[in-house]
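What follows is calculated from the coordinates using simple rules that are stated; it is not laboratory data. This is a predicted model, so every value here is computed, not measured. Counting neighbours? That spans all protein chains shown, and the Cβs are built from the backbone with ideal geometry, glycine included.
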Amino acid sequence: MPPLVMALMSILIGVTGCVGYVYFSNLVLDRVIFPASGQTCARNIGRANLVRPWLFLFPALAGSMLYLVFPFAGAFWRSLFDREGDAFIGFANYRALGADHVFQGALANSLLWVLVVPAAATCLGLIAARLTDRLRWANLARAAIFMPVTMSLVGAALIWKFVYANDADIGLLNAIRATLGAAGPLDVLQIPVWNSFFLMAVLIWTQTGFAMVILSAALRAIPREIIEAAIMDGADATQIFLRIEVPQIKGTITVVWTLVTILVLKVFDLVYAMTGGNFGTQVLPGFMMGVMFRDDGRASAVAMVLMILVLPILAWNIGQARKGGD
Amino acid sequence: MRVRARHPLRACRAANIAVLVLALVWFIPTLGLLVSSFRERDQILASGWWQAPLAAERTFRVRADAGAAVTEGGRHVIAGNVFANDADAAMPGRVKAFGVSSRAPAAFGTGLRADLVGGGSLSVGADGHYRLESPRAFGESAPTIYVRATMPPRFSLDNYRRVLADDVMVRPFVNTLAVTIPATVLPTVIAAFAAYALAWMEFRGRGFLIAASAGLLVVPLQLAFVPLLKLHQGLGIGQGLVGIWLAHTGFGLPLAVYLLHRAMAGVPRDIIDCARMDGASEVQIFSRIVLPLTYPALAGCATLQFVWVWNDLLVAKVFLPPADGVRVMTVAITDDLLGSHGGDWGMLAAAAFISMALPLLVFFILQRCLLRGLLSKAPEWR
């Protein structure tokens, strides 16, 4: 069967299955199990309403249990076993990782990525959103900044090879250096430590537009009266921005920050396509892909470390959801 | 009466300049790839893309056509043009210098005569016409002519033609579609039901589930790869389309639930209460009221998931078999093009643009929806 036909079939089956499931399960609940008639009518309605939410939740619950919660537990369990998965070795995988210099480098890089990229992309996006807000040619500027959002990181990596390339006839950066009279081409992807920042620049480049679009819509949703009142009170543009607008859209900033962070955790693509993880640019996802299929215990341990890295963001998000959830 | 000399929020010149710089910095790298995708391989290597509209200087060699040799007054003569291969070019190149050996490929200026090693001479004109003369027959091996010439800028669709014709990209394109569409639709539908329950149904553990959906958002996918591959193999799905659909569906759920819950919670309570008073069932409220009202959010959520899956390399590398048949575009570009065609920048650029086209289109069509989806007024933030 051609893949596209298969895809359409699967949509048909999946969607009708899901919709049919919710419809019929509700029908069965109301007509057969707890019929809203007879002597126990009132009690039945109450009972049916106790069960109903779980009918709606079941597919998503099952999906995320199977694909996120169970693997999470499974990965932790697996990380306590050796390469073949036969012998229980406790935390030996973690100890081995701790002694591994490549891992240490990847861990340091990943930390750097998670700290720098979401912060930079959100800040730049916020600045871009604020600055383009009252420009006449705002749409043009926004389109330019937004375009990289739709690219795959592989495509972005390719684009930036034309900037970073070692050859002054291909790489824009080296061409500029040559024009300024610098001696010899410089391979920015091979300068220790700084090369990671050059890679991060690519991801920031792709994510700023995303942050900008969402944040600028949030900025425009701030009630005009608040801003006008601040102006009447003599606030200048900087004060309005920092003291009024930014606090007003804090929730949106959290969402953007979180979404960019999720992407950073997958950043394997970019590094893989640009340096292959060489020259000390390896990040944890890439390191993990390297050991995966060879030593699943070790790979699972790396995944757990990755999980620990995002715990603060996780706690922050849960806190946000709790505040507004109930 | 208010007297305002100047609205403090009006864009000043500094803002204009700052935005201009920002927009240029963001646009120029893409422009580079776009220009390069229309250039030929040797042009890309010979000069930077920013010089593409200018003539580029290139050194190349041409083997004289021994078959065209004629005898004129006892001497053997070959006449021809060094640009013969570029005959279809709108503007011919200009020869600056020529030579007879690779060590000195530009030893002679145009119009001069260069002596050949075995006797005889060569002259090349600025327009590319050359004339080889020798007292002896050239035989099988005619001499090689080295030329340094300025070549006019040339743009062509060759790269795109090659990428599409070689089947390098067509199949991966179809495969990517086949992976992406179900992986977009399924999680959105499933999440919509769950989001409705979380937003508008009272039950125990609701607060916990809302918090959990936000928490699952940041669980690294990598965590799931090893156990899930095992599970898929155990279920007999193995690596393949079904597996990657399920994987993307599972991974996409938390984000979809998170966004849709925000959107659905923003539906005014009065509407829902009225419908309940009128005896509408939950299924009816969901399908007739909440779903139509949150349609933009659904579309926005789907857009995000679409672009995400379309551009994904990591999940595809793990859940699809490494064989040729079902490779998606990101994998094809990284492995195939970056690997075996490494250095064929023009072809890479064209491939990248083909892979970019669809998400860009989807994004610009559904941009409004996307914003509504991400900005819908949830109770906790505006």
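Could you give me the percent of Cα pairs per 10 Å distance bin for chain B, shortest bin first, beginning at zero and ending with the bin that holds the maximum distance?
Reading the bins upward from 0: 4, 16, 17, 17, 15, 11, 9, 6, 4, 2, 0, 0.
Classify chain A: rounded, prolate or oblate, from the alpha-carbon gyration tensor (a ≥ b ≥ c, eigenvalue square roots; a/c under 1.5 rounded; otherwise prolate if a/b is larger than b/c)?
Taking the square roots of the gyration eigenvalues as a ≥ b ≥ c, chain A is oblate.
Ratio of the stretch B:170-289's C-alpha Rg to 2.2 N^0.38 Å, to two decimals?
It is 1.30.
Given contacts defined as C-alpha pairs under 8 Å and at least six residues apart, what's the relative contact order of chain A, whole-number percent?
24 percent.
In percent, what relative contact order does the stretch B:230-340 have, based on Cα pairs under 8 Å that are 6 or more apart in sequence?
It comes to 38 percent, rounded to a whole number.
Given a 10 angstrom Cα cut-off, can you work out which residue in A:Val116, A:Val19, A:Val193 is the most mobile in a GNM of chain A?
The residue with the greatest mean-square fluctuation here is A:Val19.
Non-local amide H neighbours of B:Glu57 (under 5 Å, H modeled in plane, Pro and chain starts lacking H): which ones?
Amide H neighbours of B:Glu57: B:Met151.
Nearest 10 degrees, 0 to 90: what angle lies between the long axis of helix A:194-220 and the longest principal axis of chain A (Cα atoms)?
Result, in degrees: 50.
Compare A:Gly209, A:Gly38, A:Gly234 in a GNM of chain A, Cα atoms joined below 10 Å, and give the one with the largest fluctuation.
Among A:Gly209, A:Gly38, A:Gly234, the largest mean-square fluctuation in the Gaussian network model of chain A belongs to A:Gly38.
In square nanometres, what is the average projected area of the Cα convex hull of the stretch A:179-326?
Approximately 14.4 nm², given one-decimal rounding.
At 18 angstrom or more along the helix axis (alpha-carbon based) and mean Kyte-Doolittle of 0.0 or higher, what helices does chain B contain? Whole DSSP H runs only.
Working: long enough: B:13-37 (36 Å, 1.82); B:170-200 (45 Å, 1.41); B:222-235 (20 Å, 0.84); B:241-265 (34 Å, 1.24); B:295-310 (22 Å, 1.09); B:345-375 (40 Å, 1.76).
Both cut-offs are met by B:13-37, B:170-200, B:222-235, B:241-265, B:295-310, B:345-375.
Cut-off is 10 Å between beta-carbons; in what order do A:Asp30, B:Asp167 appear when sorted fewest neighbours first?
Starting with the residue having the fewest Cβ neighbours, the order is B:Asp167, A:Asp30.
Could you work out the local net charge near B:Ala79, counting Lys and Arg as +1, Asp and Glu as -1, over the other residues with Cβ closer than 15 Å to its Cβ?
Values: positive: B:Arg63, B:Arg75, B:Arg113, B:Arg131; negative: B:Asp65, B:Glu72, B:Asp127, B:Glu133.
Charge balance in the 15 Å sphere: 0.
Residues of B:178-191, mean number of Cβ from any other protein chain within 10 Å of their own Cβ, rounded to a whole number?
6
Would the protein assembly as shown count as rounded, prolate or oblate if I go by the C-alpha gyration tensor, calling it rounded below 1.5 in a/c and otherwise prolate when a/b exceeds b/c, oblate otherwise?
Cα axes put the protein assembly as shown in the prolate bin.
Quick one: grab the alpha carbon gyration tensor of the stretch A:1-146, order the square roots of its eigenvalues as a ≥ b ≥ c, and give me rounded if a/c is under 1.5, else prolate or oblate depending on whether a/b is larger than b/c.
oblate
Per DSSP H run of at least 4 residues, take -39500 (n - 2.57); add these up for chain A, divide by its residues and hand me the 222 nm value, nearest 500 deg cm²/dmol.
Numbers: 15 runs with 224 residues, N = 326.
The helix-only estimate for chain A comes to -22500 deg cm²/dmol at 222 nm.
Using r as the Cβ-Cβ distance of A:Val102 and A:Phe24, and R0 as 56 Å, what FRET efficiency do you calculate, to the nearest 0.05?
Between A:Val102 and A:Phe24 the formula returns 0.55.
What ranking of B:His261, B:His129, A:His101 emerges when the number of other C-beta atoms within 10 Å of each C-beta is taken as an exposure proxy, fewest first?
Ascending number of Cβ neighbours within 10 Å: A:His101, B:His129, B:His261.
Can you tell me the 0 to 90 degree angle between the C-alpha axis of helix A:101-132 and the longest principal axis of chain A, rounded to 10?
90 degrees
So, counting K/R as plus one and D/E as minus one, what does the shell of residues with Cβ under 10 Å around A:Pro71 add up to?
Net charge in that neighbourhood comes out at +2.
Whole-Å semi-axes of the stretch A:3-78's equivalent ellipsoid, largest first, each the root of 5 times a Cα gyration tensor eigenvalue?
Ellipsoid semi-axes (Å, largest first): 33, 21, 6.
For a quick check, take a GNM of chain A with Cα springs below 10 Å and name the residue from A:Ala129, A:Ala229, A:Ala96 with the largest mean-square fluctuation.
The residue with the greatest mean-square fluctuation here is A:Ala229.
Using the 10 angstrom Cβ neighbour count as an exposure proxy, how do A:Leu126, B:Leu293, B:Leu157, A:Leu153 rank, fewest first?
Ordered by Cβ neighbours within 10 Å, fewest first: B:Leu157, B:Leu293, A:Leu126, A:Leu153.
For chain A, find the longest principal axis of its Cα atoms and tell me its angle to the long axis of helix A:296-309, 0 to 90°, nearest 10.
It works out to around 80 degrees.
Per-residue Cβ counts within 10 Å, from other chains only, averaged over B:260-270: what number is that?
That works out to 1 on average.
If you build the Cα gyration tensor of the stretch B:161-375 and take the root of 5 times each eigenvalue, what three semi-axes come out, in whole angstrom, biggest first? The partial results should precede the final answer.
Numbers: eigenvalues 285, 82, 34 Å².
Here the semi-axes work out to 38, 20, 13 Å.
Any idea what the relative contact order of chain B is, in percent, if you count C-alpha pairs under 8 Å spaced at least 6 apart?
Result for chain B is 19 percent.
How many Lys pairs in the protein assembly as shown lie less than 18 angstrom apart by Cα atoms, where the lysines are 8 or more positions apart or on different chains?
5
Distance between Cα centroids, the stretch A:13-74 to the stretch B:10-86: provide it in whole Å.
64 Å
Just report the Cα centroid separation between the stretch A:219-282 and the stretch B:93-137, whole Å.
Answer, in whole Å: 64.
Just tell me how shielded A:305-315 is by partners: mean number of partner chain Cβ atoms within 10 Å of each residue's Cβ, no decimals. Display every interim value, and only then the final one.
On the way: counts 1, 5, 5, 1, 2, 5, 2, 1, 3, 6, 2.
Other-chain Cβ atoms within 10 Å of each residue's Cβ, averaged: 3.
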